[in-house]
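Peer 1: Supplied in structure tokens, the structure appears directly below.
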Amino acid sequence: MRIELSRYVNRVLGISTNWRNVIVTAGAQHAVKLLSQLLMRRRTVVYVENPTFVETVAPMRFQMARLIGVPIDNDGMNTHELENLVKKYGPGIVYTVPNCHNPTGVLLSRDRRKHLIEIAKRYGLTIIEDDPYTSLYPNTEPTLRSVSDDVIYVGTLSKVLGPGLRIGFVIVGGKLRDDLEKLEQHDFAASTLNQYLVYDLLRRGVADDVVKRARELYPRKLKELVDALSDYLPNTLLFKPSCGFYAFISTKVNAWELLRRGVKQGVLFVPGDRFFIDGTRQDTARLSIGSISIDLIREGVKALRDLITTT
Ligand SMILES: Cc1ncc(COP(=O)(O)O)c(C=O)c1O
């Protein structure tokens, strides 16, 4: 399984690694939880994009890490702001989703990638790169891990083969690899049966086939969402999504209230305040194209527009 995964990341993501540095976990969520247990204690400084993916940040909060939000724009995390914050709060961990960020859909620009790697070296920062979406789009940037072996890479098969399989992995070397290997054995959460299944799907090229089809389908779905937003809810996009599953919008009205009414009509989204580390901005929402059929995207945005205008 670990050999198959190392071949897969090499083929699909351009990451070359020895299979011994690939640790299998029960999804990316489990991977980040284990890394948080290993790397974070009370007051450990952790820099995260703000907004960020709420679920993976939860185990960091559980460790009582000190979360510092870094502003993000259409070029990804503002690394100059990060550097200023590091000067103020000191070295720590950077948790980032540089490709197809959740919830904003932005890509970290090339210049900022270079800068991020540079400041990580200069100030002794540990980078955790969470990367569920890169394989699904043709227009992404090379992963941070493919340019620096110091980066801890978190990958998952959830978006390629299905989230219910609960198979993800970490690529990491040295002592942290050994510690992670031991910690993973405390719960053996990654089902061996599912590992066998995923191993077989990787070996038979099924994951590669899915990736090929995804690279054709998801860009069309995302474009459909962006076009529908510009037709029915113009000027609501807070970020220009390049890839991934999401668009982050301003709802103008309270998104929880909107959701309560939307659910009754089959319109679902995640209220945006949950993605901000201080829980602000109840007037925002994350829309997803992940599982919805492309034919329903426009209809969904229209229904959302009707809900917003009658709130
Ligand atoms: C940035 C990010 N990290 C982690 C996950 C969780 O992935 P998994 O199902 O592998 O736990 C997701 C899923 O939405 C995600 O967007």
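Peer 1: What is the dipole size for segment 187-311, taken about its Cα centre, with +1 at each Lys and Arg Cβ and -1 at each Asp and Glu Cβ, in debye to the nearest 20? Before the final figure, lay out the partial values.
Peer 2: On the way: 19 positive and 15 negative charges, 34 e Å.
Dipole size: approximately 160 debye.
Peer 1: Could you tell me which of 251, 37, 170 has its Cα farthest along the dipole of the chain towards the positive end, charges placed at Cβ (Lys, Arg +1; Asp, Glu -1), taken about the Cα centre?
Peer 2: Value: 37.
Peer 1: Quick one: angle between helix 27-39 and the longest Cα principal axis of the chain, in degrees between 0 and 90, rounded to 10, please.
Peer 2: 60 degrees
Peer 1: Within segment 233-251, whose backbone N sits under 18 Å from a point 7 Å along Cα→Cβ of residue 306?
Peer 2: 233-234
Peer 1: Another question about this same structure. Report, in degrees rounded to the nearest 10, the 0 to 90 angle that the Cα long axis of helix 79-89 makes with the longest principal axis of the chain.
Peer 2: 70 degrees
Peer 1: Can you list the trypsin sites (Lys or Arg not before Pro) in segment 1-48 that are in a DSSP coil and have 13 or fewer other beta carbons within 10 angstrom?
Peer 2: 41, 42, 43
Peer 1: Okay, moving on. Compute the convex hull volume of the Cα atoms of segment 215-309, divide it by the residue count, and report the result per residue in Å³ as a whole number.
Peer 2: For segment 215-309, the hull spanned by Cα atoms encloses 92 Å³ per residue.
Peer 1: If you plug each phi of segment 193-204 into the Karplus form 6.51 cos²θ - 1.76 cosθ + 1.60 with θ = phi - 60°, what whole-Hz ³J(HN,Hα) values come out, in order, with x for Gly and Pro?
Peer 2: Using θ = phi - 60°, the values come out as 5, 5, 4, 5, 4, 5, 3, 5, 5, 5, 5, 8 Hz.
Peer 1: Viscosity 1.567 mPa s, temperature 4 °C: give me the Stokes-Einstein translational D for the chain in µm²/s, with Rh taken as the Kirkwood radius over C-alpha pairs.
Peer 2: In µm²/s, the coefficient is 65.
Peer 1: For segment 76-168, treating each Cα as an identical point scatterer without solvent, what Debye log10 I(q)/I(0) comes out at q = 0.11, 0.13, 0.19, 0.25 1/Å?
Peer 2: Computed log10 I(q)/I(0) values: -0.32, -0.45, -0.88, -1.35.
Peer 1: Here's a follow-up. In degrees between 0 and 90, to the nearest 10, how far off the longest principal axis of the chain does helix 174-187 point, with axes built from Cα atoms?
Peer 2: 70 degrees
Peer 1: From zero outward in steps of 10 Å, how is the percent of C-alpha pairs of segment 66-115 spread across the bins?
Peer 2: Using 10 Å bins, I get a P(r) of 26, 56, 19 for segment 66-115.
Peer 1: Please list 106-116, 237-247 highest first by mean number of surrounding beta-carbon atoms within 10 Å per residue.
Peer 2: 237-247, 106-116
Peer 1: Give me the percent of Cα-Cα pairs in segment 134-210 that sit more than 19 Å apart, rounded to a whole number.
Peer 2: Across segment 134-210, Cα pairs with separations above 19 Å total 48 percent.
Peer 1: Rounded to the nearest 500, what is the 222 nm mean residue ellipticity of the chain from helices alone, with -39500 (n - 2.57) per DSSP H run of 4+ residues and division by all residues?
Peer 2: -14500 deg cm²/dmol
Peer 1: Additional query: Using Cβ counts within 10 Å as a stand-in for footprinting exposure, how do 294, 289, 93 rank, fewest first?
Peer 2: Ascending Cβ contact count within 10 Å gives the list 294, 93, 289.
Peer 1: Next up: Using the Cα centre as the reference, give the magnitude of the dipole from point charges on the C-beta atoms of the chain (Lys, Arg: +1; Asp, Glu: -1; all else neutral), rounded to the nearest 20 debye.
Peer 2: Result for the chain is approximately 280 debye, rounded to the nearest 20.
Values quoted throughout were computed directly from the atomic coordinates according to the rules given, and no laboratory measurement underlies them. No experiment lies behind these values; they were computed from the predicted model shown. All Cβ positions, glycine included, derive from the backbone under ideal geometry; neighbour counts span all protein chains shown.
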